Amino acid sequence: HQSASAQRLAGFSTAMADANLEVPPEFVAQGLFSYRSGLDAAERLLSRAQGVTAIFASNDDMAAATVAVAHRRHLDVPADISVTGFDDTAIASTIWPELTTIRQPIGDMSRRAVELLSKELRARQKGERPKPTHVTLGYELIRRNSDAAPSLARRPRGPSKD
């Protein structure tokens, strides 16, 4: 129920569609951006979805929980299942294996937000109403040790989409 959740899911869905990959609804589990909800979501995904070779979590806490569930199920990360997170928080480099994750430009986002707010306030003081500004800042993939190409033995079976 957060805009970040919807945007991250939309970005994931768009990327998968751009790669001509279908994501069945049962391959998506809601989490609440917490470690506990990551445990629950990973358990649901790994219980109902056969042949899972990767889980992309909406944040690093849920990704770390997914790694814990994988270990509990005797799955090797990344040989059996890749796990990636989002945010590049401290937990990403303190768990084993260290998480591959998406780094947000938090410093740049904060600076830009203050600049936009300052510009808005100055304009309002002059009695002006500036047009809304949309800013897009780049994200960065941080490759660590929690992802790998799926092995032939673990790849999902089924009709080819080619």
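The values are calculated or read from the model by the stated rules, or taken from the named source; none is laboratory data. Computed from a predicted structure; not experimentally measured. Ideal geometry is used to build each Cβ from the backbone, glycine not excepted, and the neighbour counts take in all protein chains shown. These accessible areas exclude ligands, DNA and RNA; they are computed on the full protein's heavy atoms, side chains included. Shrake-Rupley method; radii C 1.70, N 1.55, O 1.52, S 1.80 Å.
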Requested in this report: Please enumerate the residues belonging to the range 82-110 that are touching a Pro at 6+ places or on another chain (Cβ under 9 Å) and without any contact (Cβ under 8 Å) to a residue 60 or more places away in the chain.
Outcome: PRO97, THR100
Query raised in the report: Could you list, in sequence order, the residues of the range 16-30 that are closer than 25 Å to ASP40 by Cβ, open to solvent by less than 80 Å² (accessible area, probe 1.4 Å) and out of contact with any Phe, Trp or Tyr (no Cβ under 9 Å at 6 or more places or on another chain)?
Result: MET16, PRO24, ALA29
Requested in this report: Just give me the residues in the range 64-108 being open to solvent by 70 Å² or more (accessible area, probe 1.4 Å), over 25 Å from SER151 (Cα atoms) and not in a loop (DSSP other than H, G, I, E, B), in sequence order.
Outcome: ALA90, ARG103, ILE106, ASP108
